[in-house]
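Beneath this line is the structure, given in structure tokens, with notes to follow.
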Amino acid sequence: VGLSSSLPDSAKNAVWTYTASGRSQGGYSALAGRINSPSFGNGAAIFDSDFLDNAGIEGNEGNGSAPSPHSGALVSPYIDCSGFTSVAVSFYQYYQNFASACFIEVSSDSGATWTPVRVNESVLQGNGTTRNNQQVIDITSLAAGKQGVRFRFVFDGDYYFWIIDDVTLVSLPNLDLAIRQPYYSPFSYAQPKSQICQDTFRFGASISNLGGQVQRDAKFKAEVLGSD
């Protein structure tokens, strides 16, 4: 579904398409390569912002079928989630960002209203994900126990592309803890044994829980091994 375009009459053209090659056709994305999802061999879905704006020609900005900034939605069928206590959207993606935003929007009233969930917010301008990036987005509060559920991927903004493949709905395990971005700060790379016992070390990490239940009383343990 085309949602918007800087040329209003072209909003209908701002749509996701099927790419057999799994890559963008835009004028500036030739070197980006294809998505490397588990089933990349049979193609993927893409919002090809680069191509929609310039028709695959460098220097042709604004002369494509749906000039940017623009937005478009890739919409699921109706799904009955009434028998599930937790629901998450799992998918593989390849995203390259210039000045755009990515959302999963969820409707529990058969598409009458949509609630957005931001994804890829940490992907800064001029950066992108890996070509085999997997995401599991918890939509339990919006979909669990509901009958007329739909969700959609929405690209909004200006360049470059968002490729999606292998989309599934999954139930979350109760607990799924992970340590991300561990950190410690020794004062020096190497110190004499007689001095290091006087130093203070700080340890920390970002902890995530993709599980369906809240994990309480979690503890983060750092262990120093070896007396020398």
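The values are calculated or read from the model by the stated rules, or taken from the named source; none is laboratory data. Just so it is clear, the structure is predicted and the values come from calculations on it, not from any experiment. Because the Cβ atoms are built from the backbone with ideal geometry, glycine has one as well, and the counts that use them run over all protein chains shown. Accessible surface is based on the protein model in full, side chains and every heavy atom, while ligands, DNA and RNA are left aside. Shrake-Rupley method; radii C 1.70, N 1.55, O 1.52, S 1.80 Å.
What ranking do 193-201, 110-118 get when scored by the average of other Cβ atoms within 10 Å per residue, highest first? It would help to have the intermediate numbers written out before the result.
Details: 193-201: 9.1, 110-118: 13.2.
The peptides rank, most packed first, as 110-118, 193-201.
Out of the total accessible area of the chain (probe 1.4 Å, heavy atoms of protein only), what percent is carbon and sulfur? Walk me through the numbers before you get to the answer.
On the way: 6630 of 13110 Å².
Taking all protein chains in place, the chain shows 51 percent carbon and sulfur surface.
Evaluate the relative contact order of the range 1-120 (contact order divided by residue number), counting alpha-carbon pairs under 8 angstrom at least 6 apart; express in whole percent. Could the numbers behind the result be given before it?
Working: 203 pairs, mean separation 29.1, N = 120.
Once divided by the residue count of the range 1-120, the mean separation gives 24 percent.
Over the chain, what is the relative contact order in percent, taking alpha-carbon pairs closer than 8 angstrom and at least six residues apart? Working shown, then result.
Working: 551 pairs, mean separation 48.6, N = 228.
In percent, rounded to a whole number, it is 21.
For the chain, with every protein chain kept in place, what is the accessible area per residue (1.4 Å probe, Å²)?
Values: 13110 Å² over 228 residues.
Normalised by residue count, the accessible surface of the chain is 57 Å².
Hey, what does the equivalent ellipsoid look like for the range 1-126, semi-axes from the Cα gyration tensor as sqrt of 5 times each eigenvalue, largest first, whole Å? Mind dumping the intermediate values first?
Numbers: eigenvalues 144, 68, 37 Å².
Equivalent-ellipsoid dimensions as semi-axes: 27, 18, 14 Å.
Provide the three semi-axes, in whole Å and in decreasing order, of the ellipsoid equivalent to the range 82-228 as defined by the square roots of 5 times the Cα gyration tensor eigenvalues. The partial results should precede the final answer.
Working: eigenvalues 317, 98, 25 Å².
For the range 82-228, the ellipsoid semi-axes come out as 40, 22, 11 Å.
Using only protein heavy atoms and a 1.4 Å probe, report how much of residue 48 is accessible, in Å² to the nearest 10.
For residue 48, the solvent-accessible surface is approximately 10 Å².
Using the beta-carbon distance between residue 42 and residue 168 and R0 = 25 Å, what value does 1/(1 + (r/R0)^6) give for FRET efficiency, to the nearest 0.05?
0.95
I want to make sure I understand the PRE zone here: with the label point 7 angstrom from the Cα of residue 121 toward its beta carbon, which residues in the range 132-147 have backbone N atoms less than 17 Å away?
Once the point is set 7 Å along Cα→Cβ of residue 121, 135-142 turn out to lie under 17 Å by backbone N, inside the range 132-147.
Using a Förster distance of 41 Å, how high is the FRET efficiency between residue 137 and residue 58, based on the Cβ-Cβ distance and rounded to 0.05?
Working: r = 34 Å, r/R0 = 0.84.
The pair residue 137/residue 58 has a calculated efficiency of 0.75.
What ranking, highest mean first, results for peptides 85-93, 64-72 when packing means the other Cβ atoms within 10 Å averaged over each residue? Don't skip to the answer; put the middle values down first.
Values: 85-93: 19.8, 64-72: 22.7.
So the peptides 85-93, 64-72, ranked by packing, come out 64-72, 85-93.
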